[in-house]
Amino acid sequence: MKKVYSILTLALILAALFTQVGLAQDGEVTDNQVNAIAKQLYCPVCENTPLDVCPTEACRQWRELIRQQISEGMTEQEIKDYFVANYGARVLSEPPRTGLNWLVYILPPVFILAGAFFLFRSFREWTRPRAVSAGTGQDEEAQSVKDDYIARLEEELKNRK
Amino acid sequence: MTETTAPTPKRGVPLWAQIVIWVVLIALLVLVGIMLGKRQQGTVQPGDQIPDLTLTLFSGYEYEGKSEVKISDLRGKLVVLNFWASWCKPCEQEAAELEEAWKAYEGGDQVVFLGADYVDTEPEARAYLKKFGITFFNGPDMGTKISQTFRISGVPETYFIDQDGVLYYVKIGPFVSVDEIQSIIAQKLP
C-alpha cells in the first residue's frame, strides 16, 4: 500500500511540474526573456549598441521578432541562427569561432601571457643582487695602476727590512 | 690581493622569439590596416563593374516567377537597385516616386527596378510594401551581403547599373521627384 502511495505522490509531483512548464510556455513572453537573447545581438544599423538597450525603431522591430519567435517555441540557438542567416554573423556579440575570428580569442590571452612572462623576467632581473662587475676599460686601467703602486709599495717595504 | 668576479652573461629574449613577436605584430598591423582601409572606402563608385549578386525575393514580388534574381541575369537591361527599410522615414518620402517611375517602364523590357530590404523584419517590410502600393521586385538583403558589397552608408540609397553591369550613378538619400529618377535612367537609354 505504501508503495502505491509513493508512486501516486511521485506522479502528482511530476504532473504538477509539467503543468507549470506548460503554463509558462502558454503565458506571455516577458521582456526579460526577450532581452536575455537580445543582449547577445547587435543591429548593424546601430553599431556598438546591444539590441536589448537600443532605442531605434529597427531594434524595436527585432525585439518584437524575438518575442514572436520565443512564443512560437524557438530555442535561443534557433533564434540566433535565424538572425545570423538573415543579417550576417556580425549581429552576434561574440564572433563565431571560425576563420580569422579565431584571432579575437587567441591573441589577447597570448599577449597577456607574454606580457606577464616579460614582466616576471624583468622584475627578477631588477631584484637580483648585482655581482661585482668586471668593470669597463677605465676601471681595468685604474685597477692596473693601483696594482703597480701596491707592488712598488710592497717592494720598498721589503727593501727597508 | 684583489678579487674580481667573472661577468654574468646577459640573458635576453632568444632571437627566434624576437622574430616571432615582430612577425606577429607586423601581421596584426597589416590586418588592422586592411580592415580600416575597407571600412573607409565608401560606397562603390560609378564606373565600377558590379560583381554578380543574388537577391532573394519576397513571395508576391518574384522576377519572372523566380524567387531570386541574379544581377548577371539582367545584362542588357538597366537596373535600378534601391536599398530601403520599413523603419526608415526618408525611404517613405521616395516610395511613391519610385513606384510611379517603375510604372512608366514596367511594360517594356529595358529597365528593371529591384528593391533590397536592408536589416528589416519580413512582417514590417510587407506592411510597408502594401502601404505604399509597391509592385516592383523586392526582397530581403539576406545576410546584408548585397549592402556590404555596395558598402552602403545607410538607407535610402539607389544604384543605377547600366546594360553592361557597370554602375553609372549613385543616389544617396531620397529622390525628390519622379523626373529626377527618369532623368537618371534616360542617360543610358537609347
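The values are calculated or read from the model by the stated rules, or taken from the named source; none is laboratory data. None of the values given here were measured: they were computed from a predicted structure. All Cβ positions, glycine included, derive from the backbone under ideal geometry; neighbour counts span all protein chains shown.
In segment A:96-108, is there at least one residue being part of a helix (DSSP H, G or I), farther than 22 Å from A:V29 by Cβ and among the aromatic types (F, W, Y)? Working first, answer last.
At the first step, the residues of segment A:96-108 found to be part of a helix (DSSP H, G or I) are A:99-108.
Still in the running and farther than 22 Å from A:V29 by Cβ: A:99-108.
Narrowing the set further to residues that are among the aromatic types (F, W, Y) leaves A:102, A:105.
Yes, there is a match, as at least one residue in segment A:96-108 is part of a helix (DSSP H, G or I), farther than 22 Å from A:V29 by Cβ and among the aromatic types (F, W, Y).
Listed here are the residues, each with its yes/no results for (1) surrounded by fewer than 17 Cβ atoms within 10 Å (Cβ to Cβ); (2) in a helix (DSSP H, G or I).
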{"site": "B:R126", "(1), (2)": "no, yes"}
{"site": "B:T135", "(1), (2)": "yes, no"}
{"site": "B:Q148", "(1), (2)": "yes, yes"}
{"site": "B:F160", "(1), (2)": "no, no"}
{"site": "B:D164", "(1), (2)": "yes, no"}
{"site": "B:S183", "(1), (2)": "yes, yes"}
{"site": "B:L189", "(1), (2)": "yes, no"}
I'm told B:T121 meets every condition in (1) exposed (fewer than 14 other Cβ atoms within 10 Å of the Cβ); (2) modelled with pLDDT under 95 except one. Can you identify the failing condition by its number? (1)
Does A:F111 meet the test of being part of a helix (DSSP H, G or I), surrounded by 11 or more Cβ atoms within 10 Å (Cβ to Cβ) and within 24 Å of the chain's Cα centre (by Cα)? yes
Please give the number of the condition B:S153 fails out of (1) part of a helix (DSSP H, G or I); (2) surrounded by fewer than 17 Cβ atoms within 10 Å (Cβ to Cβ). (1)
Selection status of B:K130, of a type in the set (K, R) and in a helix (DSSP H, G or I): yes
Within segment A:69-84, tally of residues that are hydrophobic (A, V, I, L, M, F, W, C), over 17 Å from A:A58 (Cα atoms) and surrounded by fewer than 18 Cβ atoms within 10 Å (Cβ to Cβ): 1
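I want to confirm something. Restricting to segment B:53-108 and keeping residues that are in a loop (DSSP other than H, G, I, E, B) and charged (D, E, K, R), which single residue is surrounded by the fewest Cβ atoms within 10 Å (Cβ to Cβ)? Step through it out loud before you land on a result.
Just the residues of segment B:53-108 that are in a loop (DSSP other than H, G, I, E, B), to begin with: B:53, B:57-62, B:64-65, B:67, B:75-77, B:85-88, B:106-108.
Okay, now just the ones that are also charged (D, E, K, R), so B:62, B:64, B:75, B:77, B:106.
Values: B:E62: 15, B:E64: 7, B:R75: 13, B:K77: 15, B:E106: 13.
This residue is B:E64.
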Just give me the residues in segment B:39-90 being in contact (Cβ under 8 Å) with a residue 60 or more places away in the chain and within 14 Å of chain A (Cβ to nearest Cβ), in sequence order. B:L55, B:T56, B:F58, B:F83, B:W84, B:A85, B:C88, B:P90
Those residues that are part of a helix (DSSP H, G or I) and among the small types (G, A, S), I need them from segment A:50-82; list them, please. A:A58, A:S71
Any hit, segment B:50-57, residues being more than 24 Å from B:G133 (Cα to Cα) and either among the aliphatic types (A, V, I, L, M) or modelled with pLDDT under 90 (or both): yes
Answer with yes or no whether A:L107 is more than 9 Å from every other protein chain (Cβ to nearest Cβ) and free of Cβ contacts under 8 Å to residues at least 60 places away in the same chain. no
Test set (1) outside any loop (DSSP other than H, G, I, E, B); (2) over 30 Å from A:V110 (Cβ atoms) - B:L25 fails condition number: (2)
Mind checking which pairs have a first residue in segment B:123-146 that is more than 14 Å from chain A (Cβ to nearest Cβ) and a second that is polar (S, T, N, Q) and assigned to a loop (DSSP other than H, G, I, E, B), Cβ under 9 Å, 6 or more apart or different chains? B:L129/B:S86; B:L129/B:T135; B:K131/B:S86
May I ask you to list the residues in segment B:109-118 that are buried (at least 24 other Cβ atoms within 10 Å of the Cβ) and outside any strand (DSSP E or B)? B:Y118
